[in-house]
Amino acid sequence: MFILKRIVSAGGVMVPQCIPLPVRNFSACHCLSSPKRRSPYSVEDSERYSSLVKSVISNRVSAQTPESLQAEDEHIYGRIVKAQTPSTRPEMREPRSLHPFLHSEKTLETEEPESGPPARIVLERGQGRSSVPSVTRILQQTLSPEQIFYLERWKRKMIAELGEDGFKEYCQNLFRQGHCFHSAVEDILTSGEKWKNEHPSETKEYPPEIQGYMESISHILEDVSAVRATESTVQHNTLNYLGIVDCVARYRGVLCVIDWKTSEKPKPFLSNTYDNPIQVAAYAGALNSDYNYKYQVENGLIVVAYKDGSPAHAHQLKSELMLEYWKTWLLRLEVFTEQRSSHASSAFSEKR
C-alpha cells in the first residue's frame, strides 16, 4: 500500500488528507538516488560527425563509394599519410673508386675469330702471386653478419647430425665431387664431343657420384659453343686480385663467363645463388684487364647442376646486371682492403 497525502480546505483551514493507493511490482531501487552517468559519446564534437550521421539515417542502402568513404575518414581522422613503399632491392652504395669494368685499351670484338684450343692458364703462386688474394678468399672474408649467421647455423646443424668427423668427411666428398664434375665438363668442352652420342654404347661413362650432375647439364651443353677458355687463371693487376674462371664460351650465341655449380636443392632464381653473381662479375672484370686474353666479356652465366639429374637452371647475367654486380664486387674489395690494412697495423703495433 502506498499513502498519498494531499491538502484540502475545510472552513478556510488547510487540512492534510491521506489517500491509500494500491501499488504493484514496486521496486525500492527506483527510490535510490544515483548520479547520472555520462555517455562517452556526449563529450564528442557532434558537429564533426553530423555529416556522417545524416548520410547513415537518410539512406536505407548506402550509396557510398570507396572514394566517399575515404573522404569521410579524412574528415574525421585527418588525411592519411602513407609510408613509402620499400624498395625490392636495397639501396646500392657507390664504391669510392669506380674502376671500369671494361678495359679501354682492348676492343670489344663480338665477331672475333675463335679458332684453336681453349686457353688454360695454370695458376702458379711462385711468380709474384703469393700475396695476391683470390676472388673466393675475398668473398669469404667479407661476408655480411647475416650470411655468417646462416652459415654457422647450417654448420652446427650438420655437425649435430653427422658429428665432427662426419662433417669433415662430408665437406671432403663435396670438394671431390665438385672437382670431378668440373674435370668432366672440361673434358667435354675441350674435346668438342657431345654429352650423348646417337649410339648409347658410345656414350662416355662418368663416376656414379657425378652421373646425375652430368645428366642435369646435358641440355645446357647443347647451347654452349666456341669455347675460349676452361679452368684458366685471370688476374686484375690494377685491383690486385686473381681467380680461376670455369669457362669462357658462347651460350646461345652470346660470349659469357660461365660458372658451373652443383646443388642438392633446386635454385630456380638468381637470388638463390648468393654471392655467385659477384664472383662471375669479378672474374669477368679481371679477364677484361688481363692481357693474356685478347677479348673482353660483358655477360655471365651461372649453371646450377643437380645431383638427382633434374634439368639444371641457367641464370643469365646481361651486361647491365653485370655492371651492378661489378659495383658490389668493388665494395667487397674495399672492405677486404680495409680489413687487411687494419690487421697489418695491429701486427706492426704488437711487434713494437
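Within segment 253-269, being under 21 Å from residue 137 (Cβ atoms) and either open to solvent by less than 20 Å² (accessible area, probe 1.4 Å) or aliphatic (A, V, I, L, M) (or both) holds for 257, 259, 260.
Scanning segment 225-234 for residues that are open to solvent by less than 20 Å² (accessible area, probe 1.4 Å) and out of contact with any Pro (no Cβ under 6 Å at 6 or more places or on another chain), which turns out nearest to residue 286 (Cα to Cα)? This residue is 234.
For segment 262-299, which residues satisfy the criterion of being under 19 Å from residue 250 (Cα atoms) and among the aromatic types (Phe, Trp, Tyr)? Hits for segment 262-299 are 283, 293, 295. Close Cβ contacts (under 7 Å, 6 or more residues apart or on different chains) running from residues in segment 137-148 that are more than 13 Å from residue 328 (Cβ to Cβ) to residues that are modelled with pLDDT of 90 or more and open to solvent by less than 80 Å² (accessible area, probe 1.4 Å) comprise 141/336.
Listed here are the residues, each with its yes/no results for (1) at pLDDT 90 or above; (2) loosely packed, with under 13 Cβ neighbours inside 10 Å; (3) touching a Ser or Thr at 6+ places or on another chain (Cβ under 9 Å); (4) more than 30 Å from residue 229 (Cβ to Cβ).
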residue	(1), (2), (3), (4)
144	yes, yes, no, yes
153	yes, yes, no, yes
158	yes, no, no, yes
163	yes, yes, no, yes
166	yes, yes, no, yes
169	yes, yes, no, yes
180	yes, no, no, no
199	no, yes, no, yes
209	yes, no, no, no
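In segment 241-253 there is at least one residue matching the filter, namely being farther than 27 Å from residue 215 by Cβ, in contact with a helix residue (DSSP H, G or I) (Cβ under 9 Å, 6 or more places away or on another chain) and either part of a helix (DSSP H, G or I) or not aromatic (Phe, Trp, Tyr) (or both). Scanning segment 235-252 for residues that are over 28 Å from residue 219 (Cα atoms), without any contact (Cβ under 8 Å) to a residue 60 or more places away in the chain and open to solvent by less than 10 Å² (accessible area, probe 1.4 Å) returns a single hit, 236. Taken together, the residues in segment 295-313 that are under 13 Å from residue 268 (Cβ atoms) and either among the hydroxyl-bearing types (Ser, Thr, Tyr) or surrounded by fewer than 18 Cβ atoms within 10 Å (Cβ to Cβ) (or both) amount to 3.
If you check residue 316 against the conditions, is it touching a strand residue (DSSP E or B) at 6+ places or on another chain (Cβ under 7 Å), open to solvent by 50 Å² or more (accessible area, probe 1.4 Å) and in contact (Cβ under 8 Å) with a residue 40 or more places away in the chain? Answer is yes for this residue. If we keep just the residues of segment 270-290 that are free of Cβ contacts under 8 Å to residues at least 40 places away in the same chain and of a type outside the set (Gly, Ala, Ser), which is surrounded by the fewest Cβ atoms within 10 Å (Cβ to Cβ)? Within segment 270-290, the match that is surrounded by the fewest Cβ atoms within 10 Å (Cβ to Cβ) is 272.
The values are calculated or read from the model by the stated rules, or taken from the named source; none is laboratory data. Please read all numbers here as calculations on a predicted model, not as lab measurements. All Cβ positions, even for glycine, are placed from backbone atoms using ideal geometry, and neighbour counts span all protein chains on display. For the accessible areas, the whole protein counts, side chains as well, though only heavy atoms, and no ligand, DNA or RNA atoms are used. Shrake-Rupley method; radii C 1.70, N 1.55, O 1.52, S 1.80 Å.
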